[in-house]
Amino acid sequence: MLEELEIRNLGPISHALITPSSHMTAITGETGAGKSMLLSAIKLISGSKAEVARISPNAKEAWVQGIFSIPKTSELVDAVGKSGIELEPSENNENKSDMYVSRTVPQEGRSRATISGFAVPKTVLEQVCSRLIVIHGQSDQLRIATNSKQRELLDTVSKNSELLKQYACAYQAWKDAKETCNRLENQASSSRQRADYLRESLARIRDVNPLPNEDKELRAKRERIENSAQIVKAVSIALASLDSSQIDYGASESSEDACFLVDKASQALRNIRVDDSFNSIANQLDDIHAQLDDIVMQLAQQLDIDVSEKDLDDLNSRIHDLTDLTRRWGPTLDDVLDWSEKAQFELEDLDDSPEAIAKARAKCAQRYDDALKLAEELYKTRLNAAHDFGTLVSEELHSLAMPGAQLIISVNRRCEDLSGSIPLDSNGCDDVEFLFRPFPASSDLPMSKSASGGELSRLMLAIELVVAKLTDCDEENMTFVFDEVDSGVGGVAAVELGKRLAQLSQHAQVIVVTHLAQVASFADAQFAVQKNLVENSENSSSAIVADTSVIELNDLMREQEIARMLDGSESKTSLEHARELLSASRKIIDGFTK
C-alpha cells in the first residue's frame, strides 16, 4: 500500500506531498492543471522511462519518492531481503515494514533508483513495484497485458492453485525424464563407437597377456644377453682369481688362487699349538672359504649364457608388444592392467545402453501421461471459470455505461502435433486469450486493440471488481491507479462508476484521476491539483511561470471542489447539491462495510 508520495521539480510541480487513503483517493482539478504529473511520478517509481523534458524549468533534477507499507509476512519482503535490501519496521504497525522507493532524473546523465537506500537497476525497480502498483489508463494496462498474465488472472479466479502445483511437479518430472531420454539417445551412436573401441582394446591386451613389471624384467634380460661376451670375460677373470678349477682351459687345481691360498693359510694356523686364538682365526678363514665357494658357484652359473638368435628375436618381439601396450594405455604395465579392469566395467554398462534407452523412453512416456492428465484437469477448470468470469465482467461493463460490451475469454486446447502428442508447456495444454467486444456487431479483438483509453480503464475496473468478488480476498498490498476511467461517462453511469471504484477500494487501495463529481464523492480522501502563476525569481526578465500545488481537501474544501466540478462555480445550489452527493455516497460506502 502506498503510504506517501513526494514529488520535487517534476513538470509544473516544484514540490508536493500526498498521503493517499488506504481505501479510495480521488485526484481532481481543472484540465491542464498538472494531474498527469502525479501519474508520471507514480510511473517513475514503477520503473518507467525517465524523460528529461519532465524536469521543471531551471531545476537540475527531478525526484520522486514513494513509501510503501508491506506486511512482514509478504513474499515481497523476502524477495527484497534476498537482494540484500533491509526494510525498516513500520512506526505505526509492528506487523509491517516500510519500503522507500525513489527515482532521481538529472538533466544530464542516467537516472538513479533506490529501494530503502540501496541503489538498484531500473529493471529491479520495475519488478518490485509491479507487485505493488497497477496503473490502468491509456497504454498502461500492465496487469494483464500479455497472454501469460491473462492466464495467471484466470487461474486466480479458478482457484486451482493446488492443481497448478501438482502439474508443475509433474511437468518438471516429464522434462527431466525427456532430457535423460534425449541424452541417452544422442549418446547411443558415440556409445557404440566407444564400445567397439573398448572391445578391440581389451582383445589386444588379452592377446598380449602382460604380467606386472614383465617389461622391466625382459629389458634387463635383453641387456644381459646383448652384453654376454663382456660378462663371460669378466666372470672368468673373477673365477680364475678365486678358484681356477672352475675354468676349463687347463688350469691346475694346485694354482695359487684365492680359495687355495685361504685354505693354505687356515691349515698353517691350525698347526700352531701355542693357544686357541690361532684356531679362532683359522675358523674365520674357514668361513671366508665357504663364502668364496658360494661366490664361485654363483659366478660359475653366470657363465651359462647360451641364447640362440631365435630366442633373442622372440624376446625383442615380446618387449615390442609390451611397449605398444604401455604407449597406448600406460605409462606402466600396472596402468595398462588397471585401465583394462575399468574398461571391462564400462563396456558392461555400454552393452546395457539399449535396455537403458528403452527404460528411459517408457519412463518418459509415463511422465508425459501423468502431466497430460493434470493439464487436462487444468484446462477444464480454466474453461469453466472463463465462462463465468466473462459473464460477470460483461454485466459489470453494462453498469459502467458500456451496454452490449463483452469480455470473451478464449481457452483453446492445443491440437496434436506430428508425433500424435498434445504439446505441453509450463502452463498446461491450452492457450488463454482475453478478447473484448465493445459492441454486439464488433468482432472479438485483443483487448489492447479493441478499446479506447476510457473503455479500457472501465474494462479493467470491471475485471478487478469481479476478481475481488470471486477470490474473496483482500489485496491490501496492491495500489490500483485509474486514469481516464470516466471518459464518456455521465449521469447515473457516473454514480455507478464511483460506486464500483469504492467497492474495489474495500479490497485494495484505489487512486483515481477523475473529472466527475459523482466519482470523486465516493473517495475517502480527495486531493485537488491547482495551477498557480508565479514570478520566476531566477529569471532576470521576471517571466511568469506555472507552479502547480497539490492540496488535500478537508470537508468544506471538498464541498467547494465537488460544487465546482458539478456546476463550474460555488453557487448555493451547487454547494447544496455537492453536500447531498457526498452524503449519498457515504451512505453507499457504509453499506459496503455492514
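The values are calculated or read from the model by the stated rules, or taken from the named source; none is laboratory data. Not measured: the values here are computed from a predicted model. Methodologically, a virtual Cβ is constructed for each residue, glycine included, from the backbone with ideal geometry; neighbour enumeration extends over all protein chains shown. With ligands, DNA and RNA removed, areas are computed over all heavy atoms of the protein, side chains included. Shrake-Rupley method; radii C 1.70, N 1.55, O 1.52, S 1.80 Å.
Results, tabulated for the structure shown:
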quantity	calculated
Residues satisfying the stated conditions in region 470-521, i.e. open to solvent by 10 Å² or more (accessible area, probe 1.4 Å), in contact (Cβ under 8 Å) with a residue 12 or more places away in the chain and under 33 Å from the mean Cα position of the chain (by Cα)	LEU470, THR471, CYS473, ASP474, GLU475, GLU476, ASN477, MET478, HIS507
Subset of region 355-413 [open to solvent by 40 Å² or more (accessible area, probe 1.4 Å), part of a helix (DSSP H, G or I) and farther than 30 Å from ALA177 by Cα]	ASN384, HIS387, ASP388, THR391, LEU392, GLU395, HIS398
Selection status of GLU455, open to solvent by 50 Å² or more (accessible area, probe 1.4 Å), in a helix (DSSP H, G or I), modelled with pLDDT under 90 and under 24 Å from LYS149 (Cα atoms)	yes
Residue match in region 6-16 (condition: within 36 Å of the chain's Cα centre (by Cα), surrounded by fewer than 20 Cβ atoms within 10 Å (Cβ to Cβ) and not in a loop (DSSP other than H, G, I, E, B))	yes
Strands (runs of 3 or more DSSP E) fully within region 71-187 counting 3 or more residues that are out of contact with any helix residue (DSSP H, G or I) (no Cβ under 7 Å at 6 or more places or on another chain) and open to solvent by less than 50 Å² (accessible area, probe 1.4 Å)	96-106
Residue pairs meeting the criteria (Cβ under 9 Å; at least 6 apart or on separate chains; first over 15 Å from ALA365 (Cβ atoms) and touching a residue at least 60 places away in the same chain (Cβ under 8 Å), in region 409-426; second of a type in the set (Val, Ile, Thr) and open to solvent by less than 50 Å² (accessible area, probe 1.4 Å))	ILE409/VAL393; ILE409/VAL432; VAL411/VAL432
